[in-house]
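See structure below.
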């Protein structure tokens, strides 16, 4: 997710056997400072 030009939140999903086993969100600006682009998810 972006706020203006900066990445605000990164979401990750862990799958096991085709089911969601974990959902993780990172919002710490220090950890996100190196993230500079989005990656589209496709099935």
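For the range 21-41, a residue qualifies if it is in a loop (DSSP other than H, G, I, E, B) and either touching a helix residue (DSSP H, G or I) at 6+ places or on another chain (Cβ under 6 Å) or farther than 10 Å from residue 10 by Cα (or both), and the qualifying residues are 33, 34, 36, 37, 39, 40, 41.
For residue 1, the criteria (1) modelled with pLDDT under 90; (2) touching a strand residue (DSSP E or B) at 6+ places or on another chain (Cβ under 6 Å); (3) surrounded by 10 or more Cβ atoms within 10 Å (Cβ to Cβ) hold in every case but one, which is (2). Residues in the range 9-20 that are assigned to a loop (DSSP other than H, G, I, E, B) and surrounded by fewer than 10 Cβ atoms within 10 Å (Cβ to Cβ): 17, 18.
Taken over the range 15-28, the residue count meeting the criterion of being over 13 Å from the mean Cα position of the chain (by Cα) and in contact (Cβ under 8 Å) with a residue 12 or more places away in the chain is 0. Looking at the range 31-41, is at least one residue loosely packed, with under 10 Cβ neighbours inside 10 Å and at pLDDT 85 or above? Within the range 31-41, not a single residue is loosely packed, with under 10 Cβ neighbours inside 10 Å and at pLDDT 85 or above.
The values are calculated or read from the model by the stated rules, or taken from the named source; none is laboratory data. Every value quoted in this text rests on a predicted model; they were computed, and no experiment measured them. Every residue, glycine as well, gets a Cβ built from its backbone with ideal geometry; the counts of neighbours run over all protein chains shown.
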